[in-house]
Structures are given as C-alpha cells and as structure tokens.
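The values are calculated or read from the model by the stated rules, or taken from the named source; none is laboratory data. In this text, all values refer to a predicted model and were calculated from it rather than measured experimentally. When we count neighbours, we look across all protein chains shown, and the Cβ atoms used for this are built from the backbone with ideal geometry, even at glycine.
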Amino acid sequence: MMTVVIGGSKCGKSSYAEKILDSFTGKKFYIATMIPYGDEAHTAIERHREMRRNKGFDTIEKYTDIDEIYLPKGYAALLECMGNLCANEMFKDEEITAPTEKIMSGIERLKAQVQHLVIVTNNVSCDGIAYSKETMEYMRIMADINRRMAEIADNVIECVYGIPVPLKGMLL
C-alpha cells in the first residue's frame, strides 16, 4: 500500500503521516531527506525527531538517491519529505537536473519492498506567484512528481489546517 500526504507549509501533514503508521506493528523506517544545513533546518529536524520519539521508527538519512535504499519486505516506511528530496536532487551539482524519473524509480522500488509506504510532499504551486526560472522549474518538477505519485498511490490525503481530506482512497 502507498499513501501520499500532501499539503502546504505547517499544515499538519507530518504528524498525520506518522499517525497513519501508529497502528503498524512491524518494523518502521523513517527516511529523512532534509540536509541539516543552517539553524532553520536543525530546528525542523529536532521538531520532527521529537514528534516521532517512542513511535518505533528507525531513521535512515538519505538526502538523494532513494533508489539505493533496500528495506526488508513487509516493513513500513515514511519518506519525509518529497520537497526536500526533489530540491536535493535538482541542485546537487552545478547544473540543474530534472530528477523525476530517478525519484519515481526510487518510489516504485520502495513501494515494492515495504508493506506500507507513506510519503509526505508539498503543494508548492498554488500561490500563482511567478518566481525565478530555477524555482519555477522546481515547482514544475514537484507538480509532475506529485501527479505521478498520486497515480500509483492507493490513498492521497491533503492536510488542510490540520484536517486530513481524502482525495483518493480513504483516510487511515
């Protein structure tokens, strides 16, 4: 099973994604994609660590190349978050790359390995503001990845002001 949890900044998507796996009795992995760079990143990482304390997650820090992750069958995984992963892949070299196929390949591999894959992603293209060329490319790629994840997901849930709203499938 695959569940995508989408929403804007600070809308409750992370806590809801973790709650989905609260009743999972097997081993759980938390795939962390945020590079710990700067005070804001360290604060966010600490907040997320505190949120999942005592919830049974083993953390895998993987900022790029999720297609290299191998997990035991039957386990669960929460990937947090697609926005970071996409940016890390796009801007890791001096030349901007389009990582859609690489990321989707990794998602499909993870989905095939685990019993339940939960992915947290960002809704980054709804404000209607024109940004720099690089940011607009990031937004385009994120929209494409989100669309493609929604196609293969069993459940797509949007968090709005802390309220989970099912867009595909059901609330868990």
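Among the residues of region 36-57, those that are surrounded by 11 or more Cβ atoms within 10 Å (Cβ to Cβ) and over 18 Å from Ser9 (Cβ atoms) comprise Pro36, Arg49, Arg52, Lys55, Gly56, Phe57. When region 24-58 is filtered for residues that are among the hydroxyl-bearing types (Ser, Thr, Tyr) and either at pLDDT below 90 or under 17 Å from Ala87 (Cα atoms) (or both), the ones remaining, listed by number, are Thr33, Tyr37, Thr43. Under the condition of being modelled with pLDDT of 90 or more, more than 14 Å from the chain's Cα centre (by Cα), closer than 22 Å to Leu79 by Cα and assigned to a loop (DSSP other than H, G, I, E, B), the residues counted in region 116-148 number 0. Listed conditions (1) farther than 23 Å from Glu151 by Cα; (2) of a type in the set (A, V, I, L, M, F, W, C); (3) at pLDDT below 90 are all met by Ala98, apart from (1).
Taking first residues from region 144-165 that are closer than 15 Å to Lys19 by Cβ and partners that are buried (at least 20 other Cβ atoms within 10 Å of the Cβ) and of a type in the set (D, E, K, R), the Cβ contacts under 8 Å between residues at least 6 apart in sequence or on separate chains come to Cys159/Lys13.
Picking from residues in region 111-133 that are over 20 Å from Asn84 (Cα atoms) and either without any contact (Cβ under 8 Å) to a residue 12 or more places away in the chain or aliphatic (A, V, I, L, M) (or both), the one that is surrounded by the fewest Cβ atoms within 10 Å (Cβ to Cβ) is Gly128.
When the test is whether a residue is closer than 26 Å to Ile152 by Cα, within 13 Å of the chain's Cα centre (by Cα), touching a residue at least 12 places away in the same chain (Cβ under 8 Å) and surrounded by 16 or more Cβ atoms within 10 Å (Cβ to Cβ), Ile69 does not pass it. As a summary of the residue check, Ala153 satisfies the conditions (1) touching a helix residue (DSSP H, G or I) at 6+ places or on another chain (Cβ under 6 Å); (2) crowded, with 21+ Cβ neighbours inside 10 Å; (3) not β-branched (Val, Ile, Thr) except for the one numbered (1). Scanning region 55-78 for residues that are in a strand (DSSP E or B) and either within 10 Å of Gln115 (Cα to Cα) or in contact with a Ser or Thr (Cβ under 7 Å, 6 or more places away or on another chain) (or both) yields Ala76, Ala77.
Return the residue satisfying two criteria in turn: it lies in region 1-50 and is touching a helix residue (DSSP H, G or I) at 6+ places or on another chain (Cβ under 8 Å) and in a loop (DSSP other than H, G, I, E, B), and of such residues it is nearest to Ile145 (Cα to Cα).
If we filter region 1-50 for residues that are touching a helix residue (DSSP H, G or I) at 6+ places or on another chain (Cβ under 8 Å), which is where we start, we get 2-7, 14-15, 18, 30-36, 48.
Narrowing the set further to residues that are in a loop (DSSP other than H, G, I, E, B) leaves 33-36.
Details: Thr33: 16, Met34: 18, Ile35: 20, Pro36: 23 Å.
Here the answer is Thr33.
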